[in-house]
Protein chains: 2
Amino acid sequence: MKIAIAGAGAMGSRIGLMLHQTDNEVILIDRWPDHIKAIRENGLIGEFEDRKVVANLPIYSPEEIVEDHANVDLVVALTKSMQLEAMFQDIKPIIGEKTFVFCLLNGLGHEETLSKFVPKENIIFGTTTWTAGLSGPGHAKLVGTGSIEMENLDPKGKEFTLQVLEVFQKAGLNPIYSNNVRYSIWKKACINGTLNGLCTILDCNIADFGSLNVARNLIETIVGEFASVAKVEGIELDQSQVIQAIEATYDVKTQGLHFPSMYQDLIRNHRKTEIDYINGAVWQKGKNYQIATPYCAFLTQLIHGKEELLNAK
Amino acid sequence: MKIAIAGAGAMGSRIGLMLHQTDNEVILIDRWPDHIKAIRENGLIGEFEDRKVVANLPIYSPEEIVEDHANVDLVVALTKSMQLEAMFQDIKPIIGEKTFVFCLLNGLGHEETLSKFVPKENIIFGTTTWTAGLSGPGHAKLVGTGSIEMENLDPKGKEFTLQVLEVFQKAGLNPIYSNNVRYSIWKKACINGTLNGLCTILDCNIADFGSLNVARNLIETIVGEFASVAKVEGIELDQSQVIQAIEATYDVKTQGLHFPSMYQDLIRNHRKTEIDYINGAVWQKGKNYQIATPYCAFLTQLIHGKEELLNAK
């Protein structure tokens, strides 16, 4: 299968590399000049737990994409949320009538963005539990294991989605065909919509947040807001199950000692966050549906305030 | 007049010292052992802009108060909000039938506490714009000028309140008889209820907070919650006037470069905050009156979370 990875950061590098190793024609697309340079010079280096792999993958910046790569079979979208629209604007030349887009971004509101570029029947949505990190440009650290849920947005897309599933299966990415990927996306958004913002604004790791007397009430209130908005979109979140999933992350033996990605982006690296696509998206949707979401609103504002104070780029 | 200062921190030291200098019989009451020791050994040292004063004022811990001091004319309450009740429990022996209490604490909910110890007609409420600092135990820094608004809670208390006004006038404390001290207390609570919590949780000074794009909307929302609750208590806050007063503090030539007291207490000194008597009080009152105050609730919870994380005492 001819596959473009649109957004070849840590997770894009992992998926691109694993798909490449099982004989797909993979190209990477990313905006980071040092990353492009390193991969062009030395290949993409993937450090698995038990082996090191060097993959000579073609990598382009979005503006470089030319018609040579027109009509890829699949674009796997893995940009930061706020870069999704600009990426697809730039890579229009490679998207043909039959090209599918598989969106693996965290957060909410991406369906609306992607619908501007591809018909709904060519969109697959998914979530993943894989993790990945970059230890430097061109250098991916690929420990642990994970799985990928996927589902076509429109029944017409099912046949091709099952082909994608097979390709991902061969690559060892442990795909699962989902019957309700929107539920999984909302559930994951709840986890990010509580831990990301709250650990960032309180300046603490997940276990420390979980130990607070106020933790339970805060997550109940925020998950409640997500659930009210999701309900209007036809998704009945099981709030106690979602809360259980959030509280499971407090364990120091699993994720407890980690600082969420938003913390790392903003507090450590002074980068703008994805808050507008998590709590901010719930706030905006809530406005449209006339549902009050004050905790999502306030948390979004606090994170934006912190971005300004830290001069985040 | 025989006056006890219940809570002789920075502000209590200022007021006690100034009242002492104009021939009132002043005693200080405080719980800080080093402060008591220093004042007993060297007197209370007041460093004004133009002079240094040493006042040999008697100082006691609340438990030491004995009947020697029974029936003081006036107790000026200047504890931290959370220490008010315990202080009055301890100093019961000095409160006679005719003793008045003049409450100068910031925050809300103190009327209910004081009413347990003195009849309403013996309570005076006030706010002050004086500032004061302690550079160490027994050592007060007393720069700048200010004024004190005061009003009896009950019409029966007016006669004595005017005597207190005269005593404060002589001491140079610039008292003003107020016709609506509750309005002033709520207005001041709005200023503290926005700047204190927000600067603390965002880790910034007042000017930096004021420069944020989200500042205006945050203060509008929080002041709106205060106003809804105040209205039930018969106080019609002029919200745009209150917002103007808040925004006036952003100026770097006045208070802009300062970190609010809550920031200093919690972030610098790891002390518990007065949030329960500001935003927390509005949240609790809102619950009683069935008024939603989600920003006050969330901010209170965030500050309590931060207190726990910093192991604040």
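So, counting K/R as plus one and D/E as minus one, what does the shell of residues with Cβ under 13 Å around B:M1 add up to?
-1
With contacts defined as alpha carbon pairs under 8 Å and 6 or more residues apart, what's the relative contact order of segment A:105-153 in percent?
Once normalised by length, the contact order is 39 percent.
Under the convention of a label 7 Å out along Cα→Cβ, give the distances in nm from B:A248 to the same position in every other copy, shortest first.
5.6
Kindly give the distances from A:K287 to its copy-mates, label point to label point, with each label point 7 Å from Cα along Cα→Cβ, as nm values to one decimal ordered shortest first.
So the label point of A:K287 gives 3.1 nm to the other copies.
What list of ³J(HN,Hα) values in whole Hz, one per residue of segment A:228-234 in order, does the Karplus curve 6.51 cos²θ - 1.76 cosθ + 1.60 (θ = phi - 60°) give from phi, with Gly and Pro shown as x?
4, 6, 4, 4, 4, 8, x
Mind checking which aspartates and glutamates have their Cα closer than 17 Å to the Cα of B:K272? Skip sequence neighbours fewer than 8 apart in that chain.
Leaving aside aspartates and glutamates fewer than 8 places away in the same chain, those within reach of B:K272 are B:E85, B:D203, B:E307, B:E308.
Let me have the relative contact order for chain B, percent, based on Cα pairs under 8 Å that are six or more residues apart.
Numbers: 584 pairs, mean separation 45.2, N = 313.
Once divided by the residue count of chain B, the mean separation gives 14 percent.
Taking the Cβ of B:K92 as the center, what net charge do the other residues with Cβ under 12 Å away carry, scoring Lys and Arg +1 and Asp and Glu -1? Provide the component values of the computation, followed by the final result.
Details: positive: B:K116; negative: B:E63, B:E67, B:E85, B:D90.
Combined, the nearby Lys, Arg, Asp and Glu give -3.
Other chains' Cβ within 10 Å of A:209-220 residues: what's the mean?
Averaged over the peptide's residues, the number is 3.
Which single residue of chain A puts its beta carbon nearest to the axis of rotation relating A to B, and what distance, in whole Å, does that give?
A:P294, 2
Quantify how strongly other chains surround peptide A:138-144 by giving the mean number of their Cβ atoms within 10 Å of each of its Cβ atoms. Before the final figure, lay out each step's value.
Numbers: counts 0, 0, 0, 0, 0, 0, 0.
Per-residue shielding by partner chains comes out at 0.
Averaged across A:293-304, how many Cβ atoms of other chains sit within 10 Å of each residue's Cβ atom?
Values: counts 1, 8, 5, 0, 6, 11, 2, 1, 9, 9, 2, 3.
Rounded to a whole number, the mean comes out at 5.
For segment A:1-122, with only Lys/Arg (+1) and Asp/Glu (-1) charged at the beta-carbon, what is the dipole magnitude about the Cα centre, in debye rounded to 20?
The dipole magnitude comes to about 140 debye.
Only loop residues by DSSP count here, and only those with at most 10 other Cβ atoms within 10 Å; note down the GluC sites (Glu not before Pro) in segment A:1-87 that meet that.
A:E49
Pairs on different chains or at least eight residues apart, Cα atoms closer than 17 Å: how many lysine pairs in segment A:27-163 fit?
9
What net charge is computed for the residues neighbouring A:V167, neighbours being all others with C-beta under 14 Å from the C-beta of A:V167, Lys and Arg scored +1, Asp and Glu -1?
-3
Going by average Cβ neighbours within 10 Å, how do the peptides A:168-176, A:72-80 rank, with the highest at the top?
Going by the mean number of other Cβ atoms within 10 Å, highest first, we get A:72-80, A:168-176.
If packing is taken as the average number of other Cβ atoms within 10 Å across a peptide's residues, how do B:291-298, B:148-155, A:156-163 rank, most packed first?
The densest-packed peptide leads the list: B:291-298, B:148-155, A:156-163.
Checking the cross-link filter: which lysines have an alpha carbon closer than 20 Å to that of B:K287, excluding same-chain neighbours under 8 positions apart?
Output for B:K287: B:K231.
So, in Å, what gap is there between the alpha-carbon centers of segment B:139-192 and segment A:49-116?
66 Å
Under a crude label model (7 Å from the Cα following the beta-carbon direction), how far is A:R268 from B:K253 in nanometres?
It is 4.4 nm.
For the Cα atoms of chain B, what angle does the longest principal axis make with the long axis of helix B:158-170, in degrees from 0 to 90, nearest 10?
That works out to roughly 80 degrees.
So how do B:W186, A:W130 line up by other beta-carbon neighbours within 10 Å, fewest first?
Working: B:W186 23, A:W130 18.
Exposure proxy ranking, most exposed first: A:W130, B:W186.
For chain A, what is the calculated [θ] at 222 nm in deg cm²/dmol (nearest 500), taking -39500 (n - 2.57) for each run of four or more DSSP H residues and dividing by its residue count?
-12500 deg cm²/dmol
Rank-order A:258-265, B:88-95 by packing density, defined as the average count of other C-beta atoms within 10 Å over each peptide's residues, highest first. Walk me through the intermediate numbers first.
Values: A:258-265: 19.5, B:88-95: 17.8.
The most tightly packed comes first, giving A:258-265, B:88-95.
Quick one: angle between helix B:10-21 and the longest Cα principal axis of chain B, in degrees between 0 and 90, rounded to 10, please.
Once rounded, one gets 30 degrees.
Laboratory data are not the source of any read-out in this text; all were calculated from the coordinates shown. Since this is a predicted model, take the numbers as computed values, not measurements. Because the Cβ atoms are built from the backbone with ideal geometry, glycine has one as well, and the counts that use them run over all protein chains shown.
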